[in-house]
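Notes follow the structure.
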Amino acid sequence: MRVVAAEGLQKRFGQRLAVAGIDFEVNKGECLGFLGPNGAGKTTTIQIMLGLVEKTAGELTIFGQEVPEQFRQIKSRIGVVPQNDNLDSDLTVFENLVTYASYYNLVGSKAKGRAGELLDYFALENRRNDVIEHLSGGQRRRLLLARALMHDPDLLILDEPTVGLDPQARYLMWQRLKALKENGVTMMLTSHYMDEVARLSDRVLIIDQGKVIVEGEPGRLVNDLVGVDVFEVLCSAEDAAQLAKSAKECGARSEIMPEGIFLYMHKDCHGLSGHVRPLQQWVRRPANLEDLFIQLTGRSLHET
Amino acid sequence: MMASLVGNLGQPLLFLLAFGVGLGQKIDTIEGFTYLQFIAPGLTASAVMYSAAFETTYGSFTRLSTQNTFEGILMTPVTVEEVAIGEIVWGALKGLLSGGVMIVTMPLFGLWPSPWVVLLLPLLFITGVLFASLGLIMTATARNYEFFNYFISLVITPLFLFSGIFFSLSTLSAGSRFFLQVLPLTPMVTLSRMFCYGDFSGNVWGRILLITIFAGGATLFGTVLLRRRLIK
């Protein structure tokens, strides 16, 4: 069953086409990784889904209901962890949860009970009566996730949920998100941390300049489009040119860098590894989503 | 809360002291009132104006910009219109509180309001709605806090000085009197004086209608502008 279906979705800001007609869907129970360089149109798309931006053209249905006509019903079933921390700094941790729940008509002992459960679950119980400014970055992010879950949403939108977190805090977020997914919560995730996306997503959608450029299961996309293994070699320009030539003979893609060369291999190739091994500095590692992302969107900055 | 109450009440109370008690001793009666009696009801109306307008400018703009509170709320089923009405009602209630405290303080200055003053409270609330809405219009168009200087210097302060709080409009020429009478605070200053002293010689309903129309129009306009500001 489809939870989100977008067709030809478009948003124009004056001259600039921020979202240039994209089609995508999110199926029930899956986590869709929504990727793209800064300014690609990810956040705009999410804001259209939340009614913060009005679409210029295209169709969007969420839970089978039309955007924007049935927004009130739609939004009562969506939970959001926004990119910008918008916790209410005038309120305590507990008050933030209970106040936010009231916007979903969740009030009284029900809201308080739920807030207590979530504080426990997100290891925030001891900060219950603290004001927001005394929380660490990790605690704020966990509180934002707890807040998004107060009304038990069917769709969770995560816009850079772990930005700025230390590895421990990020790991805790991942554990909680995985548990939610196992409980059948549908998710839409944007992130610039490719390892995070690879860990959590069943399917990824990469957009650039407002358009979808590729879509599919992350492991398969990497294998199909990038390869299985990658050599990262630090070497002189001459060695790099030599390696590029032997890569071509092996059917491997190469990318010459200022400090050496990257070689992307679909299968083992003795000719190529024979050339790499004698060199001083090299590493062989599995291809990953970051390779794919860079292959598709380039290494240069995209900001306009 | 305490700070904003003191901040917004301090000015009208100090004016009451300096002008009503101080200057008033040397001034003859105006329209049959001592100067202190004359200015106290108008200062009550102005206290409402200040509290309401400050709340929906500095207060609301903080929630709109630095705290991202509105954005957070708009991700929930709550609509922009509901946020706008919430801000306006909250500003109006703060205004009503300031006005109420002014009325309660009047006996300290030897002024005893008539029982009619109870009916003044809903009118003070409408005044609160009017100025909270004007504040919200400013917030919806402001790029930074400095922008509110225009509003305070060019709207709020002139209204404070020229709405018939400190001098009787009846001594002015017909032209300027008409102009000052349709300023948004003037009808309320007159109404406030009427209800404080139970003297209803003048058009009560016309004035109530006027401030209600002002308040309704400003609410509508403020709501539309806030939508334009928040939904791109």
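The set of residues in the range A:268-284 being modelled with pLDDT of 85 or more and either of a type in the set (D, E, K, R) or surrounded by 12 or more Cβ atoms within 10 Å (Cβ to Cβ) (or both) consists of A:282, A:284. Residues that are under 17 Å from residue A:287 (Cα atoms) and aliphatic (A, V, I, L, M) within the range A:233-256 comprise A:233, A:247, A:252, A:256, listed in sequence order.
Counting only residues that are within 10 Å of chain B (Cβ to nearest Cβ) and under 28 Å from the mean Cα position of the chain (by Cα), which one in the range A:103-129 is nearest to residue A:149 (Cα to Cα)?
A:104
Of A:73, A:47, all but one fail to be touching a strand residue (DSSP E or B) at 6+ places or on another chain (Cβ under 9 Å), surrounded by fewer than 21 Cβ atoms within 10 Å (Cβ to Cβ), at the interface with another protein chain (Cβ under 10 Å from one of its Cβ atoms) and outside any loop (DSSP other than H, G, I, E, B); the exception is A:73. In the range A:136-145, is there at least one residue being touching a His at 6+ places or on another chain (Cβ under 8 Å) and either small (Gly, Ala, Ser) or assigned by TED's automatic domain parsing to the domain that holds residue A:167 (or both)? Scanning the range A:136-145 turns up no residue that is touching a His at 6+ places or on another chain (Cβ under 8 Å) and either small (Gly, Ala, Ser) or assigned by TED's automatic domain parsing to the domain that holds residue A:167 (or both). Of the numbered criteria (1) in contact with a Phe, Trp or Tyr (Cβ under 8 Å, 6 or more places away or on another chain); (2) closer than 24 Å to residue B:75 by Cβ; (3) not in a helix (DSSP H, G or I), the one residue A:147 fails is (3). Checking A:233, A:222 one by one, the residue that is in a helix (DSSP H, G or I), outside the structural domain of residue A:86 (by TED's automatic domain parsing) and either free of Cβ contacts under 8 Å to residues at least 60 places away in the same chain or buried (at least 22 other Cβ atoms within 10 Å of the Cβ) (or both) is A:222 and no other.
Filter the range B:191-232 down to residues that are within 14 Å of chain A (Cβ to nearest Cβ) and not in a helix (DSSP H, G or I) and give me whichever is farthest from residue B:139 (Cα to Cα). Step through it out loud before you land on a result.
Taking the range B:191-232 first, the residues within 14 Å of chain A (Cβ to nearest Cβ) are B:226-232.
Going one step further and asking which of them are not in a helix (DSSP H, G or I), we end up with B:231-232.
On the way: B:231: 15, B:232: 16 Å.
So the residue we want is B:232.
For residue B:86, the conditions (1) modelled with pLDDT under 95; (2) within 14 Å of chain A (Cβ to nearest Cβ) are fulfilled apart from (1).
Condition check ((1) surrounded by fewer than 14 Cβ atoms within 10 Å (Cβ to Cβ); (2) away from chain B (no Cβ under 14 Å); (3) part of a helix (DSSP H, G or I)) across all residues:
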residue	(1), (2), (3)
A:54	yes, no, no
A:69	yes, no, no
A:86	no, no, no
A:89	no, no, no
A:98	no, no, yes
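Does the range B:16-26 contain any residue that is among the aromatic types (Phe, Trp, Tyr) and surrounded by 20 or more Cβ atoms within 10 Å (Cβ to Cβ)? First the steps, then the outcome.
Going through the range B:16-26, the residues among the aromatic types (Phe, Trp, Tyr) turn out to be B:19.
Cutting the leftovers down to surrounded by 20 or more Cβ atoms within 10 Å (Cβ to Cβ) gives us none.
No - not one qualifying residue is present in the range B:16-26.
Got a sec? Which helices (runs of 4 or more DSSP H) wholly within the range B:2-74 have at least 1 residues that are under 30 Å from residue A:72 (Cα atoms) and not hydrophobic (A, V, I, L, M, F, W, C)? Reasoning before the result, please.
Working: elements: B:2-15, B:35-54, B:60-64, B:69-74.
The helices (runs of 4 or more DSSP H) meeting that bar are B:60-64, B:69-74.
For the range A:103-121, a residue qualifies if it is part of a helix (DSSP H, G or I), without any contact (Cβ under 8 Å) to a residue 40 or more places away in the chain and surrounded by fewer than 16 Cβ atoms within 10 Å (Cβ to Cβ), and the qualifying residues are A:108, A:109, A:110, A:112, A:113, A:116, A:117, A:120. Given the structure, is residue A:91 of a type in the set (A, V, I, L, M, F, W, C) and over 21 Å from the mean Cα position of the chain (by Cα)? It is true that residue A:91 is of a type in the set (A, V, I, L, M, F, W, C) and over 21 Å from the mean Cα position of the chain (by Cα).
The values are calculated or read from the model by the stated rules, or taken from the named source; none is laboratory data. Bear in mind that the values here come from a model prediction, so they are computed numbers and not experimental data. Every residue, glycine among them, receives a Cβ derived from its backbone with ideal geometry; neighbour counts consider all protein chains shown.
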